[in-house]
Structures are given as C-alpha cells and as structure tokens.
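Structure first, commentary second.
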Amino acid sequence: MNSMQQPTPAQQDLSLDPFWMPFTANRQFKARPRLLASAEGMFYTDVEGRQVMDGTSGLWCCNAGHGRREIAEAVSKQISSMDFAPTFQMGHPLPFQLAERLTELSPAGLNRVFFTNSGSESVDTALKIALAYQRAIGQGTRTRLIGRELGYHGVGFGGISVGGMVNNRKAFGALLPGVDHLPHTLDLERNAFTQGLPQFGIERAEALEALVTLHGAENIAAVIVEPMSGSAGVILPPQGYLKRLREITAKHGILLIFDEVITGYGRVGAPFAAQRWEVTPDIITTAKGLTNGAIPMGAVFVSEAIHDAFMQGPAGAIEFFHGYTYSGHPVAAAAALATLDIYARDGLLTRAAELESYWAELLHSLKGLPNVIDIRNTGLVGAIHLASRDGAPGARGYEVFDGCFWQGAMIRCTGDILAMSPPLIAEKQDLDQLIDIVSKVIKQTA
C-alpha cells in the first residue's frame, strides 16, 4: 500500500495536526494514520472496522486484555461517589487498601508503597528516595547514581539521566550530574537465539566494582537497572547477572533499584521479575500493569528499613518532601484494586510461565527467515532482531511493524528490533495467529 495514502472516509472529519504525538514520527504517521476505535479481549478494532490483534498489551500495560467490565464498573462506581480527594495531609481509604494488597504480592521485605501516576514518576521518586535515604542515615556524600547503557527509565530528567538510550538524552543537555552507566548485556556474538536467559555475560556486572573503585563506595547512592530491558528491544539479564549486582551493591552499601514498570504484574511469569529470578532489590518501581492500563498510576515499593529511616524527628514534621497531586488518586486506586482481583481470580500473574515454552517454540521457529539475526524470549515477551539495511537503520523494522498492522497484528519496533508482549489472557491459538502474521510480513519485506 502507498505510505502516502489519503485519509479514508472515517478519518475525513478528524484533524490530525493539533496533537503533537509522543515518541512518534508525526509526519510519517499522519500521512497514513493507524487509528484504533475500540478494544475487547485480545483485539483492537480500527476506525474502519478491521480487527487488529494486540501483540503488545497496549504499551506493555493491558496484561489482562481489553474491555474488562470489572474495572470499568469499579471506576464508574468510584467516580460517582468521590472523583478526587487529596493525599497531602488528608486521606481516603482506597490507597491504604491498595498498598496492603500490593505488599501481599511484593518480594518479602518490600512492604511500603509510594504512589505515583506513571513509570517516569515512579523512577524519579525512587531516585529521590535513594538520595534522601542516604542522607537520612548519615551517608550524605552518597550522591552518585548508576544506570546502564540501553536502559529505559522513563522521560523525567532523573530517568533520562540514568537511562542509556541515546535518542532520549542527546537533545536535552542539562542532565543530572554525577551519573555513570554500566555496560549493557546484549551480546549477539555469544548469545544469539538463546531461549530464556542467556548463558554468557555475568562478567559485565563486574563493571560495577570498577565504578566503585573509581568513585569510592561512599559517593554512590544507588544503582538502577531493568531486570529485562524492554524498550531497548527485550534485552535479557545473563544467568547470574542480577544476583551478582545484588552482591556488589550489598557489600558496598549501595541501594539496588529494579525498574519493573514493564516486568511487574506477571509479564515474566511471576508478580515481579525479582521473584522470578530470585533477587530482591531495595526498591522496585512499577506502573503500567498496575491498573491494566485503564487509569494512569504507578507504585514504588521500598523496604521497611528505608521507610523507617525517614520516620525520625518531630511527629508533626513532613518526613519526605515529595509527591504528586494525584498520588493515590481514588479512581486510579479503584481501577488497580479491580485489576488485582482479575489477576488473582484468573491466575494471570503466573500464566506467562505456563505459556513460556510454547511461546518460545513459536518465536524460535522464525529462525532462518530473511534478515533475522537473533530471537530472544522470557515469560510472555519476545523480540526478533533484524539486520539493518545499509544506510537505513530502523527502516526494515518499521516496515515490518507497519505491515503487521495492516495485516491484523499490532507489534512494536525499536529500530530493527520487533518486540511482542501479548496480553496474559492469550490462548495458544492467539499466539499462533500473531506469529503467523509476523512471519508472513518478515518474508514479504525481505
């Protein structure tokens, strides 16, 4: 189809110009828009009435699929009874109930919850907690933060500073000072076409010891990593890598933060990646799947010891000068509580582990297709890494992404990496259909 195709009749009365779209090639999109009108279960319906399978859980967030009536009813009931209530020096029951429910799912010891509105806010909150905690315990020289190459931690200035995706950083200049980055763990030469966690690369964790030697442990507050780097193209931790980071940080009094905005709430086969891979950090950031994408909300989990370090001084003094107008918003909390009920009733927080082997077989059946140089998977997440065209990095990936949409499947592309994270309600025949479409389009774009 012509990429400069004119708008269809359903789009004729829709002005596309005023909306400056996020993380989008606006001119390219508006020349041939992909517009969604409704969603139910595993499928979107576009403005022309075409069904499009959701191969990405919206944006890594609709883990329970679309159109969940329980969530809609909970939101409607709450907004009818109380639309908003402040949580600055005031309160209402729902965030307290939600925090208690969440600590029943979280790794042991992470039993205090601070609410935000997004993954970006969760990350900035976690970084501020880490810095303030070190000062609260008399370690005020610990101001340096360490992220990782190819890491994505949202779009706040804190998140892009510790993040390691070049295009998210280079246009903005004034990033946080005192930030270093560990090397990424993508190793196509040694780990290509591995099913599950790659065998090679644990030694890359030792770069943290080198940074400790360079700066002194007494100057480092925290290390933040995604257990699995989702936005960079499903980059997995090598076997033993996360445990080694935990050992090094614990030895030197450095806090370890897991950014689980993508991996949280069942994506890799357990409530959190920390549990799936048996490594407990000091802080976990979450959002996305917390409300099944229905209402913006995030949550930061911290250990009781970190929380209690702030609970000093006069009882009437504010302990942590941070928060958001919508922290613990009643309607968002209602959506989250309904979402947790669905996850529990339908066993969705562990379903990815049940589907993992079948999903891996499907994905790796594409090995040998034109231009496929790697396939990666864990839980119900997968990536197909394509060779870049000479002089046109990202062009092949976008062409496959766009072609899949018009043939009935929504996937994501990061440059020439195709990423998929279907809803946790997927049945085997849904996964078959998704991979059939992707396979066909990869062949067509060869």
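The values are calculated or read from the model by the stated rules, or taken from the named source; none is laboratory data. Note that the structure is predicted; figures quoted are calculated from it, not measured. Please note: Cβ atoms are built from the backbone with ideal geometry, for glycine as well, and neighbour counts cover all protein chains shown.
Whether any residue in the stretch 190-197 is assigned to a loop (DSSP other than H, G, I, E, B) and free of Cβ contacts under 8 Å to residues at least 60 places away in the same chain is what I want to check. Within the stretch 190-197 (the criterion being assigned to a loop (DSSP other than H, G, I, E, B) and free of Cβ contacts under 8 Å to residues at least 60 places away in the same chain), the answer is no, since none of the residues qualifies.
The residue pairs whose first member lies in the stretch 290-304 and is touching a residue at least 24 places away in the same chain (Cβ under 8 Å) and surrounded by fewer than 24 Cβ atoms within 10 Å (Cβ to Cβ), whose second member is acidic (Asp, Glu) and in a helix (DSSP H, G or I), and whose beta carbons are closer than 6 Å, counting only pairs six or more residues apart or on different chains, do not exist in this structure. Annotation: of all residues in the stretch 430-446 being in contact (Cβ under 8 Å) with a residue 40 or more places away in the chain and acidic (Asp, Glu), the one that is surrounded by the most Cβ atoms within 10 Å (Cβ to Cβ) is ASP430. Report, by residue number, each residue of the stretch 409-429 that is buried (at least 19 other Cβ atoms within 10 Å of the Cβ) and either free of Cβ contacts under 8 Å to residues at least 24 places away in the same chain or over 22 Å from the mean Cα position of the chain (by Cα) (or both). Residue satisfying the conditions is CYS413 alone.
Just one of the numbered conditions (1) under 16 Å from LEU110 (Cα atoms); (2) of a type outside the set (A, V, I, L, M); (3) without any contact (Cβ under 8 Å) to a residue 24 or more places away in the chain is not true of GLU247: (1).
Yes or no: the stretch 37-59 includes at least one residue that is surrounded by fewer than 16 Cβ atoms within 10 Å (Cβ to Cβ), touching a Phe, Trp or Tyr at 6+ places or on another chain (Cβ under 6 Å), under 25 Å from LEU348 (Cα atoms) and modelled with pLDDT of 95 or more. Yes, the stretch 37-59 contains at least one residue that is surrounded by fewer than 16 Cβ atoms within 10 Å (Cβ to Cβ), touching a Phe, Trp or Tyr at 6+ places or on another chain (Cβ under 6 Å), under 25 Å from LEU348 (Cα atoms) and modelled with pLDDT of 95 or more.
Condition test on ALA309, is it outside any loop (DSSP other than H, G, I, E, B), farther than 30 Å from PHE193 by Cα and either within 22 Å of the chain's Cα centre (by Cα) or assigned by TED's automatic domain parsing to the domain that holds ASP430 (or both)? Criteria not met by ALA309. GLY138 meets all of the listed conditions (1) in a loop (DSSP other than H, G, I, E, B); (2) farther than 23 Å from GLY316 by Cα but one, namely (2).
Counting only strands (runs of 3 or more DSSP E) wholly contained in the stretch 24-74, the ones carrying 3 or more residues that are without any contact (Cβ under 8 Å) to a residue 60 or more places away in the chain occupy 36-40, 43-46. Within the stretch 85-103, the residues that satisfy the criterion of being of a type in the set (S, T, N, Q) and either closer than 22 Å to PHE272 by Cβ or part of a helix (DSSP H, G or I) (or both) are GLN97, THR103. Taking the conditions exactly as written (modelled with pLDDT of 95 or more and under 19 Å from ILE79 (Cβ atoms)), does THR286 satisfy them or not? Spelling it out, it is not the case that THR286 is modelled with pLDDT of 95 or more and under 19 Å from ILE79 (Cβ atoms).
Given the condition touching a Gly at 6+ places or on another chain (Cβ under 6 Å), of a type outside the set (Gly, Ala, Ser) and in a loop (DSSP other than H, G, I, E, B), answer yes or no: does some residue in the stretch 119-134 qualify?
Here is the first cut: in the stretch 119-134, the residues touching a Gly at 6+ places or on another chain (Cβ under 6 Å) are 119-124, 127.
From what's left, of a type outside the set (Gly, Ala, Ser): 121, 123-124, 127.
Among the residues that remain, those that are also in a loop (DSSP other than H, G, I, E, B) are: none.
No: zero hits.
Condition test on GLY347, is it surrounded by 24 or more Cβ atoms within 10 Å (Cβ to Cβ), more than 30 Å from PHE88 (Cβ to Cβ) and more than 20 Å from the chain's Cα centre (by Cα)? No, not satisfied. Filtering LEU214, LEU208, LEU242 for residues that are part of a helix (DSSP H, G or I) and within 14 Å of ALA273 (Cα to Cα) leaves a single hit, LEU242. Please enumerate the residues belonging to the stretch 222-239 that are in a loop (DSSP other than H, G, I, E, B) and either surrounded by fewer than 20 Cβ atoms within 10 Å (Cβ to Cβ) or not β-branched (Val, Ile, Thr) (or both). Within the stretch 222-239, GLU226, PRO227, MET228, GLY230, SER231, ALA232, GLY233, LEU236, PRO237, PRO238, GLN239 qualify.
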